[in-house]
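One structure below.
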Amino acid sequence: MRILSIHNYYQIRGGEDESCRAEKSLMREMGHLVDEYEKDNITIPSYQNLQLAAQTIWSQESYRAVRKKLQRHCYDVVHVQNSFPLISPSVYYAAQAEGVPVIQTIRNYRLLCPNALFFRQGKVCEDCLNKAVPLPGIIHGCYRNNRLASGITAGMISIHRLLKTWDRKIDKYIALTYFARDKLIQGGLPGEKIIVKPNFVNPDPGIGFGKGQFALYVGRLSVEKGLDTLMAAWEKLRYPFPLSIVGDGPLSELVLEKTKEAPHITWLGRKSIDEVHQLMGEASFLVFPSKWYETFGRVAIEAFAKGTPVIASKIGAIAELVEHKKTGLQFQSGSPQDLAEQVEWALAHPEEMQQMRLTVRQEFEAKYTAKINYKQLIEIYRMAANN
């Protein structure tokens with residue numbers, strides 16, 4: 001099978017980019033030909049405003065380049081991971097013009113929400129859900145806190161909704177969880193085209209032993225990720241328990257201040273994936289305090305692979321991945337008090353937490369290995385190709 005993978009990389013690499021790379025690598029390992037058409041947001045400053053606006057709504061450059069690639073070789077599918085903002089939905093039209101089926105993986109909510117998160121001013125916001133024109137997103141400057149940029153993004157959403165691009169030009173959507181699928185259907189995407197296939201971890205990092213006696217957070221240091229909730233919860237613990245934080249972001253200063261006030265909190269900055277997996281295997285549990293509708297939660301399944309339970313907020317897709325008192329614990333999103341109570345329960349029940357270490361590893365082996373994911377992905381490709 002020959003696949004054309006299309007991806008617009010973020011300026012700051014994140015879990016979405018890593019998951020995209022993992023899929024391409026897996027297909028190549030299994031003997032398939034994977035060609036690429038890619039752009040990188042690092043080049044955005046070189047565009048003028050009007051040029052970027054036009055590029056976001058319809059990139060003639062991408063349309064021509066993709067058609068040329070498809071004419072040069074016989075492809076079975078075009079797999080679009082992310083087309084925003086530099087590639088644009090024009091690539092769907094290029095694929096259809098050459099008779100090649102299109103698969104779109106949904107890694108955020110960009111087709112329904114200008115900032116892609118359904119999150120504004122520190123809480124969930126669905127004001128633009130299922131609106132023909134996402135006007136609230138423009139008024140509030142939801143994309144990059146900029147009304148002009150938000151207007152461009154909203155324009156892309158509205159124009160392609162009007163053209164029925166999302167209905168007619170994409171053969172199959174891949175949602176990472178059932179929560180994300182339901183939200184996409186709520187937003188007007190065709191449910192019969194949306195298939196659920198989770199992310200995976202490859203290679204298998206191997207199980208850890210959890211002897212480090214510390215909690216671990218891994219991710220972007222930002223409000224939507226719940227860093228403020230995490231910091232406030234650690235202040236409410238009756239007895240200090242070590243917390244290691246990996247990552248950086250807008251709330252770096254807050255984390256730095258907390259490490260000065262509380263010596264049991266350690267900020268480790270950015271770490272390589274191997275270093276992260278090592279820490280996960282040593283941690284007593286991972287904390288996942290997100291406050292937005294995560295479409296998945298890659299960090300959680302990496303913890304599962306290491307046999308580490310997850311204490312997660314009860315919101316979005318992460319609540320689907322973490323089962324309370326089976327693969328971890330759940331707390332009310334945005335509640336430092338509830339998070340502190342769940343942490344104290346974990347510390348007071350070492351036998352139950354040890355059992356969870358076995359259960360989460362079994363969960364990983366049952367759902368999130370490369371072997372299982374490959375079977376799911378190749379079946380989706382075949383379904384699209386046959387159609």
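A compact table of results
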| quantity | calculated |
| --- | --- |
| Farthest toward positive dipole pole in the chain [+1 Lys/Arg, -1 Asp/Glu at C-beta], among Val360, Val287, Val124 | Val124 |
| The chain, dipole about Cα centre (Lys/Arg Cβ +1, Asp/Glu Cβ -1), debye to the nearest 20 | 1060 |
| Unit charges on C-beta of K, R, D, E only; dipole of segment 121-227, Debye | 180 |
| For q = 0.11, 0.19 Å⁻¹, Debye-computed log10 I/I(0) when each Cα of segment 215-367 counts as one equal scatterer | -0.36, -1.18 |
| Rg and Dmax of segment 1-95, Cα atoms only, in Å | 13.6, 43 |
| Cα-Cα over 21 Å, subset of Lys123/Lys314; Lys325/Lys375; Lys24/Lys172 | Lys325/Lys375 |
| Candidates Gln376, Gln71, Gln96: whichever shows maximal mean-square fluctuation once the chain is modelled as a Gaussian network with Cα springs under 10 Å | Gln71 |
| Inter-label distance, nm, simple model (7 Å from Cα along the C-beta direction), Asp35/Gln213 | 5.8 |
| Computed magnitude of the charge dipole of segment 215-367 (debye, nearest 20; Cβ of K, R +1, Cβ of D, E -1) | 120 |
| Bridge type composition, segment 100-230 - antiparallel percent by DSSP, nearest 5 | 20 |
| Alpha-carbon centroids, segment 94-123 and segment 183-215: separation in whole Å | 17 |
| Listed residue pairs exceeding 25 Å between alpha carbons, taken from Lys225/Lys258; Lys69/Lys131; Lys211/Lys326 | Lys69/Lys131 |
| Ranked list, fewest to most other Cβ atoms within 10 Å of each Cβ, for His349, His277, His140 | His349, His140, His277 |
| Residues Ser290, Ser158, sorted so that the one with the fewest Cβ neighbours within 10 Å comes first | Ser158, Ser290 |
| Inter-part distance where segment 1-76 and segment 352-387 are each reduced to a Cα centre, Å | 25 |
| At R0 = 35 Å, FRET efficiency that the Cβ-Cβ distance of Glu192 and Thr259 yields, to 0.05 | 0.10 |
| Candidates Tyr47, Tyr75, Tyr173: whichever shows maximal mean-square fluctuation once the chain is modelled as a Gaussian network with Cα springs under 10 Å | Tyr47 |
| Most mobile of Gly155, Gly141, Gly99 in a GNM of the chain (Cα contacts under 10 Å) | Gly99 |
| Spacing of the two label points (7 Å from each Cα toward its C-beta) at Cys74 and Arg28, in nm | 2.4 |
| Computed E for Asp182/Lys123 - FRET, C-beta separation, R0 25 angstrom, nearest 0.05 | 0.80 |
| Ranked packing of 103-113, 259-269, most packed first, by mean Cβ within 10 Å | 103-113, 259-269 |
| Label point distance in nm, Glu365-Ser252, each placed 7 Å from Cα along Cα→Cβ | 4.1 |
| Extension gain (nm, one decimal) between Leu162 and Arg2, 0.36 nm per residue minus Cα-Cα | 54.4 nm |
| The chain: relative contact order in percent, alpha carbon pairs under 8 Å with at least 6 residues between | 14 |
| DSSP-defined antiparallel bridges as percent of all bridges, the chain, nearest 5 | 5 |
| Fraction of antiparallel bridges per DSSP, segment 1-97 only, in percent to nearest 5 | 0 |
| Paramagnetic label zone (point 7 Å from Cα along Cα-to-C-beta, Ala54; backbone N under 18 Å) in segment 124-152 | 149, 152 |
| 222 nm mean residue ellipticity, helices alone, for the chain (DSSP H n ≥ 4; -39,500 (n - 2.57); rounded to 500) | -13000 deg cm²/dmol |
| Kirkwood Rh (inverse of mean 1/r, distinct Cα pairs), the chain, angstrom | 21.7 |
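Any read-out appearing in this document is the output of simple, stated calculations on the displayed coordinates, not a laboratory observation. As the structure is a computational prediction, the values presented were derived from the model and not from experiment. Counting neighbours? That spans all protein chains shown, and the Cβs are built from the backbone with ideal geometry, glycine included.
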